[in-house]
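**Q** Attaching a single structure in structure tokens format; questions to follow.
Nothing in this text is a laboratory measurement; each read-out follows from the coordinates by a stated rule. Computed from a predicted model, the values in this text were never measured in an experiment. When we count neighbours, we look across all protein chains shown, and the Cβ atoms used for this are built from the backbone with ideal geometry, even at glycine.
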Amino acid sequence: MMGVFHDVETYGHEQISFFHDKESGLKAIIGVHSTVLGPALGGCRMWKYTDEQAALRDVLRLSRGMTYKAAVAGLNLGGGKAVVMADARTEKTPEMLKAFGRAVEAMGGRYITAEDVGMSVSDIDTIRGCTKHAVGGSNEGGSGDPSVMTAFGVFQGMKAALKTSALGESLEGARVAIQGVGNVGYHLASYLSAAGAKLVVADIYPNQLEKVVQEFGAEVVAPDQIYSVDCDIFAPCALGAILNARTIPQLKCKIVAGSANNQLETEADGFDLFSRGIVYAPDYAINSGGLINVAAELEGYNYERVLAKVSKVYDTIESILERSKVENMPPHKAADAVAELRLAQAKKSMVEPAFAV
Ligand code: NAD
């Protein structure tokens, strides 16, 4: 493919591997951004991309994000991600999943897969039939759906953001606007409601909304109204790139803290939030609960240990926001600095590969 090395150089990847299986129709790309801290762990996304370039761009962007997420979470893991070019609703077959499992196995442990958009816990179980390098399944010590831990981490990060914004740590009476009440958004709504927060929600699926209205008494607004809700915290839990030149001027919140990956459309949007005095809890730092949850399988899953580790998202967000204040830099830059320092230190002390192949 033309231009692969140009893209790889731009993002700094170690390896991009293309896999094809004629019988099942599998077309997959596995991106290993970094193995400096350990084997590259990251989910597999199944998506009907418009073209190969779009799939490549996505795997490059997502795998690099995983390097930073693991580094900031203090995990001894690198960053990787896989994309399968197929429609998860109409084209996914057990044969395709098994072919993907064989592809992961062929990576020899440099890449460990998990679920992402278009993949389920039971798909991981199928994949695990063909590779030992898959986490997040339900069988053989699998940790299952990571979204509860992701939500718990976001909840902790919100409390830290409230504290550093001098609003007080308590969520009692705080008004939180949640964009997307799917897996993570629903569990987040549950934690917030139990803590006494008032919820305003938007989703494009009425079924999702009904549940949070009935269970937590949430107020519903139309999807395009969620940005302008007068609230303490705006929690993006649906799509990426939703903090941009069109949405930021609408925001009436004091804090942005949610689970969605890649929330900033561009770097400039992070600077814009900062100059407007809106505190942004960097996405990959606040949404690491799911990664911590699946990574725990590698050393034998223990719920209490995972809960304790995910609680530390509070400290991570607190220290990033403190640094942002002290050094007068936007929080997303402060988070990048934490990750890059850890990577640079690990690289310096590297005398041999961080894991045995
Ligand atoms: P999900 O698909 O279960 O939920 C997303 C919800 O957003 C759905 O209910 C969908 O209808 C809704 N939505 C889509 N477009 C919308 C729009 N324009 N306006 C309002 N709502 C909209 O996904 P999830 O697992 O809950 O993940 C949510 C986000 O968090 C994603 O960006 C994901 O990448 C990220 N994330 C998830 C995890 C995890 O553990 N699941 C971990 C880290 C990051």
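**Q** Rg/Rh for region 177-253 to two decimals, with Rh computed the Kirkwood way over all alpha-carbon pairs.
**A** Working: Rg = 11.6 Å, Rh = 12.3 Å.
Looking at region 177-253, the ratio lands at 0.94.
**Q** Roughly how many debye, to the nearest 20, is the charge dipole of the chain about its Cα centre, given +1 on each Lys and Arg Cβ, -1 on each Asp and Glu Cβ, and no other charges?
**A** Values: 34 positive and 42 negative charges, 96 e Å.
Rounded to the nearest 20 debye, it is 460 debye.
**Q** Gap in Å between the Cα centre of region 172-194 and the Cα centre of region 1-56?
**A** Between the Cα centres of region 1-56 and region 172-194 lies a distance of 33 Å.
**Q** Using the Karplus curve 6.51 cos²θ - 1.76 cosθ + 1.60 with θ = phi - 60°, work out ³J(HN,Hα) for each residue of region 8-13 in order, rounded to whole Hz, and write x for Gly and Pro.
**A** Residue by residue, region 8-13 yields 5, 5, 4, 8, x, 6 Hz.
**Q** Still on this structure, I have one more. Dividing the alpha-carbon radius of gyration of region 1-80 by 2.2 N^0.38 Å (N being the number of residues), what value is obtained? The partial results should precede the final answer.
**A** Numbers: Rg = 12.9 Å, N = 80, 2.2 N^0.38 = 11.6 Å.
It is 1.11.
**Q** Let me ask something additional. Below 8 Å between Cα atoms, with a sequence gap of 6+, how large is the relative contact order for region 147-341 in percent?
**A** Values: 385 pairs, mean separation 47.5, N = 195.
Relative contact order comes out at 24 percent.
**Q** Once the other residues with Cβ under 11 Å from the Cβ of Gly3 are scored (Lys, Arg +1; Asp, Glu -1), what is the net sum? Before the final figure, lay out the partial values.
**A** Values: positive: Arg57; negative: Asp7, Glu9, Glu52.
Residues near Gly3 contribute -2 overall.
**Q** Now, a different point. Could you give the distance between the Cα centres of region 60-115 and region 212-271, to the whole Å?
**A** 28 Å
**Q** Sticking with this structure for a sec: Based only on Cα atoms, what Rg/Rh ratio does the chain have, Rh being taken as Kirkwood's radius?
**A** Using only Cα positions, Rg/Rh for the chain is 0.96.
**Q** Counting only C-alpha contacts under 8 Å and six or more residues apart, can you give the relative contact order of the chain as a whole percent?
**A** Here the relative contact order equals 16 percent.
**Q** Then there is this: Classify region 1-145 from the C-alpha gyration tensor, please: rounded if a/c falls under 1.5, else prolate or oblate depending on whether a/b exceeds b/c.
**A** On the way: a/c = 1.74, a/b = 1.10, b/c = 1.58.
Verdict is oblate for region 1-145.
**Q** Separate question: Count the DSSP beta bridges whose two residues both fall in the chain, then state the antiparallel fraction as a percent rounded to the nearest 5. Provide the component values of the computation, followed by the final result.
**A** Numbers: 13 of 39 bridges.
The antiparallel fraction comes to roughly 35 percent.
**Q** Averaging over every viewing direction, what projected area does the convex hull of the Cα atoms of region 147-341 cover, in nm²? Mind showing how you got there, number by number?
**A** Values: hull surface 42.3 nm².
So the mean shadow area of the Cα hull is 10.6 nm².
**Q** Right, another one. Given q = 0.13 Å⁻¹, what are the Debye log10 I(q)/I(0) values for region 105-192, with equal point scatterers placed on the Cα positions and solvent ignored?
**A** Results for region 105-192 at q = 0.13 Å⁻¹ read -0.58.
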